[in-house]
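Enquirer: Let me give you the structure first, and then I'll get to my questions.
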Amino acid sequence: MPTIGVAIAIPEPWASELQDYRTSVGDTTATQIPTHITLIPPAEVEEDELPAVTDHLAGAAATVEPFDIHLRGTGTFRPVSPVVFVTLAEGISHCELLADAVRQGPLAVDLDFPYHPHVTIAHHLDDPTLDRAFDELATFECRFAVDAFSLYVHDSDTGWQPTHEYGLG
C-alpha cells in the first residue's frame, strides 16, 4: 500500500540551503525528504484509490488562488515534539485554507496535532542540537510565490518523490 504526502515544495535556492543545513546538524532523514510545507502528513492509501486522490487534489487546487509565503525566523514544537522549524511570517492562512481543502473526501485524515504550517529544519535530535538549529537559523528569511503543491509518494530506496503537481486557482 503506497504511503503518500501532500506538500508545498520550497523553491531553490532555499530548498537546498535548508536541506543541507538539516543534514549538517545530523538529521539524516533530510536526505530523503525534499524541503516542504506539509499539507497532509504521511498517509497510506490503497493503490486503486490513487486516481480518486489525484482527481480530488486537482479539484482542491482550483479552490485556492496563488499566494505568497514569507519565511522568517525559527520556532519549535518542544516539549510536545522534538522539532525545530522555520516559521511562516506570511501565508499561514492560505496554507490553512489549502490544507483544509485537500483534507476532504478521500484524504479526510485525522491529525495528531493541530495544523501549523512550517518548514522542519531539525527533528528527533538531542536538545543541544535542537537549540543550535533554533539559534543558527533565527535570522533565516526568504519570500516566494506559491502557485502549486505536489503529491509525494514514499519510495523505500529514494525517499519522498513528487508524482503530480497541482496548479492553484
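Every number in this text was worked out from the coordinates using simple rules, so none of it is lab data. What you see is a predicted model, and the numbers here were worked out from it, not measured in a lab. In this analysis, Cβ positions are derived from the backbone assuming ideal geometry, glycine residues included, and neighbour counts consider all displayed protein chains.
Enquirer: Compute the FRET efficiency between residue 104 and residue 20 as 1/(1 + (r/R0)^6), taking r as their Cβ-Cβ distance and R0 = 25 Å, and round to the nearest 0.05.
Expert: So, using R0 = 25 Å, E works out to roughly 0.10.
Enquirer: Additional query: Give the angle, between 0 and 90 degrees and rounded to the nearest 10, that separates the Cα long axis of helix 14-24 from the longest principal axis of the Cα atoms of the chain.
Expert: So the helix axis and the longest Cα principal axis differ by about 60 degrees.
Enquirer: Out of these labelled values of Cα extents along the principal axes in Å, [x] 44, 33, 29; [y] 49, 48, 34; [z] 63, 39, 23, which was calculated from the coordinates shown here?
Expert: Computing Cα extents along the principal axes in Å and matching it to [x] 44, 33, 29; [y] 49, 48, 34; [z] 63, 39, 23 gives [x].
Enquirer: Within the set of other residues whose C-beta is less than 14 Å from the C-beta of residue 18, count the net charge using Lys and Arg as +1 and Asp and Glu as -1.
Expert: -4
Enquirer: Right, next: Multiplying the sequence separation of residue 111 and residue 32 by 0.36 nm and subtracting their Cα-Cα distance, what value in nm do you get?
Expert: Full-extension gain reported as 26.2 nm.
Enquirer: Right, here's the next one. Report the local net charge at residue 98: Lys and Arg +1, Asp and Glu -1, summed over other residues whose C-beta lies under 12 Å from its C-beta. Before the final figure, lay out the partial values.
Expert: Numbers: positive: 103; negative: 65, 96, 100, 147.
After counting each charged neighbour, the total is -3.
Enquirer: Tell me the label-point distance for the pair residue 135, residue 52, using the 7 Å Cα-to-Cβ offset, in nm and rounded to one decimal.
Expert: Output for this residue pair reads 5.1 nm.
Enquirer: Efficiency by 1/(1 + (r/R0)^6): what FRET value for residue 96 and residue 155, r their Cβ-Cβ distance, R0 = 41 Å, to the nearest 0.05?
Expert: 0.90
Enquirer: Choose one answer from 78, 132, 143: the residue with the largest mean-square fluctuation in a GNM of the chain with alpha-carbon springs under 10 Å.
Expert: Among 78, 132, 143, the largest mean-square fluctuation in the Gaussian network model of the chain belongs to 78.
Enquirer: Continuing with this model, one more query. Can you tell me the relative contact order of region 3-167? Whole percent, Cα pairs under 8 Å, sequence separation 6 or more.
Expert: For region 3-167, the relative contact order is 32 percent.
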